[in-house]
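Notes follow the structure.
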Amino acid sequence: MFVIGERINGMFTDVKKAIESGDEEPIRDLASRQVEAGADALDLNVGPSRGDEVENLVWLAEVAGDETDVPLCLDTAKFEVMSEAIKECDSPVIINSTKAIEEQLEKYVSLASEHDAQLIALTIDQEGVPSDVDSRVQMGATIATKAMEGGLGMEDLYIDPVILPVNVAPKQPQRVLEALRQLTMLSDPAPNFILGLSNVSQGCKERSLLNAGYVTMAVSAGLNAAIMDALDDHLMRAAITADVLMEKQLYCDDYVSAYLRNR
Ligand code: THG
């Protein structure tokens, strides 16, 4: 499981405050703690912070990049922000994200190729997040085709079938699982499959339990990456366990710490 730590996001008040006051310490702390907990990369999202989005994102990338060596996942929906910020990044970059709209995909695939970056593409089109399985699968096929046409290797592509909160969209978790199962059979070599896992439990009680339960199910359906709460120990253990049970990691008596030592 490729774990992208979700915590450096301006949607959290401590991060928003740090961005607005230019205080590096909370960002450094979140970067190093997530990597120590097993994060393979760090998501960076300025959220609703005041100020210039490019400047804020570049600042997050500088501070996080100075603190750790892991890839940085630049999380913005705006192409102009992404294309400016990526120029200033010294660390390896994961572009998060593009929608599955052909013209947009072409621009993002060429941006990724130009900067040797990886790319996350969402199964979202002009009409938003689809509620059914088939549209997700069709959009996934469009994404993989466009990536191949643009010369982006499948190992550098992450398809995100987009999960929504179970309390407002109770049929979505099972539909996303079915989309994952179908998408993993779509192409050989297969791309990577990712989710913003915490979306599933937004606004819910028992978030850790919902996240851990769902990650286990999603790994069995083919998920191999997640933007998730790496600081939640129970969740990290569940994700590692799912990998062991799906034979993505070999079983040994001490598999959790063995996995974390190998980071
Ligand atoms: N796919 C991709 N990228 C994404 C998402 C996705 N990036 C953003 C998001 N979704 C994933 N990251 C988060 C980060 C935090 C939360 C959910 C998803 C979260 N935040 C608390 C909340 O909203 O309740 C904040 C609470 C607080 O303020 O303390 O749950 O799907 N590619």
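Read-outs: derived from the displayed coordinates by stated rules, not from any lab. Note that the coordinates shown come from a computational prediction; the quantities given were computed from them, not determined experimentally. Because the Cβ atoms are built from the backbone with ideal geometry, glycine has one as well, and the counts that use them run over all protein chains shown.
According to the calculation over all Cα-Cα pairs in the range 1-123, the P(r) per 5 Å bin from zero is 2, 12, 24, 24, 20, 12, 5, 1, 0 %. In a simple Cβ point-charge model (Lys, Arg +1; Asp, Glu -1; nothing else charged), the chain has a dipole of about 1000 debye relative to its Cα centre. Of the chymotrypsin sites (Phe, Trp or Tyr not before Pro) in the range 160-263, the ones in a loop by DSSP (not H, G, I, E or B) with at most 16 other beta carbons within 10 Å are TYR251.
Here the 3J(HN,Hα) profile of the range 75-90, calculated from phi with Karplus coefficients 6.51, -1.76 and 1.60 at θ = phi - 60°, is 10, 8, 8, 9, 4, 4, 5, 4, 5, 6, 5, 5, 5, 8, 8, 8 Hz, Gly and Pro shown as x.
Straight-line reach from LYS146: taking Cα to Cα under 20 Å and skipping same-chain neighbours fewer than 8 places apart, the lysines in range are LYS78, LYS99, LYS107. Under the combined filter of DSSP loop state and at most 10 neighbouring Cβ atoms within 10 Å, the range 85-175 retains these GluC sites (Glu not before Pro): GLU127.
P(r) tail, the chain: Cα-Cα pairs separated by more than 22 Å, 54% of all pairs. The sum of -39500 (n - 2.57) across all DSSP H runs of n ≥ 4, divided by the residue count of the chain, sets its helix-only mean residue ellipticity at 222 nm to -15000 deg cm²/dmol.
Annotation: lysines with alpha-carbon distance below 25 angstrom to LYS205 (same-chain offsets under eight excluded): LYS16, LYS171.
Classify the range 108-171 as rounded, prolate or oblate, taking a ≥ b ≥ c as the square roots of the eigenvalues of its Cα gyration tensor: rounded when a/c is under 1.5, otherwise prolate if a/b is larger than b/c and oblate if not. It is prolate, given that a/c is not under 1.5 and a/b is the larger ratio.
Distant-in-sequence amide contacts of THR123, defined by a placed amide H-H separation under 5 Å and a gap of 5 or more residues or a different chain, comprise ASP160, VAL162.
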